[in-house]
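What follows is calculated from the coordinates using simple rules that are stated; it is not laboratory data. What you see is a predicted model, and the numbers here were worked out from it, not measured in a lab. Quick reminder, even Gly has a Cβ in these numbers, built from the backbone with ideal geometry, and neighbours come from all protein chains shown.
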Amino acid sequence: MSLKSDAIVDRVRARLAKIDPNNREVTHVYKCKITVDGNVAKTWILDLKNVNLYEGDGDAECTLICDDQAFVDLADKKIQPLEAVEAGKLTIDGELSIALKLLPYIASV
């Protein structure tokens, strides 16, 4: 299934290729569950500890459950994370401070 957020994932993958594994500020593991009509359509693991991104499930320090369009809107800075949470389009399982460190990796440049 092709999702709007796939373009964001591709952008994140390109950014990861440019990261120096020996010089990183964020080393957390994130799980992003992208939903469509309230159902999980894709799950991604963004492992900043090992500088890896893959589709699948696994352990994470912070899990984000986000509507497909809301994920794109977050990346394009059309909506702020707390707005998305309040609107029920984003759920964070884990520390908010860790979740907020993910935003620069998905945000448009």
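Confirm whether GLU61 is farther than 18 Å from HIS28 by Cα, of a type in the set (Asp, Glu) and more than 12 Å from the chain's Cα centre (by Cα). For GLU61, the condition - farther than 18 Å from HIS28 by Cα, of a type in the set (Asp, Glu) and more than 12 Å from the chain's Cα centre (by Cα) - is not met.
Among the conditions (1) without any contact (Cβ under 8 Å) to a residue 12 or more places away in the chain; (2) assigned to a helix (DSSP H, G or I); (3) hydroxyl-bearing (Ser, Thr, Tyr), the only one that TYR105 does not satisfy is (1). Filter segment 47-78 for residues that are acidic (Asp, Glu) and outside any loop (DSSP other than H, G, I, E, B); which is surrounded by the fewest Cβ atoms within 10 Å (Cβ to Cβ)? Among residues in segment 47-78 that are acidic (Asp, Glu) and outside any loop (DSSP other than H, G, I, E, B), the one surrounded by the fewest Cβ atoms within 10 Å (Cβ to Cβ) is GLU55.
Determine whether ALA14 is assigned to a strand (DSSP E or B), among the aliphatic types (A, V, I, L, M) and surrounded by fewer than 17 Cβ atoms within 10 Å (Cβ to Cβ). Criteria not met by ALA14. If you go through segment 80-109 and keep only what is among the β-branched types (Val, Ile, Thr) and either surrounded by fewer than 20 Cβ atoms within 10 Å (Cβ to Cβ) or over 18 Å from VAL12 (Cβ atoms) (or both), you end up with VAL85, THR91, ILE92, ILE98, VAL109.
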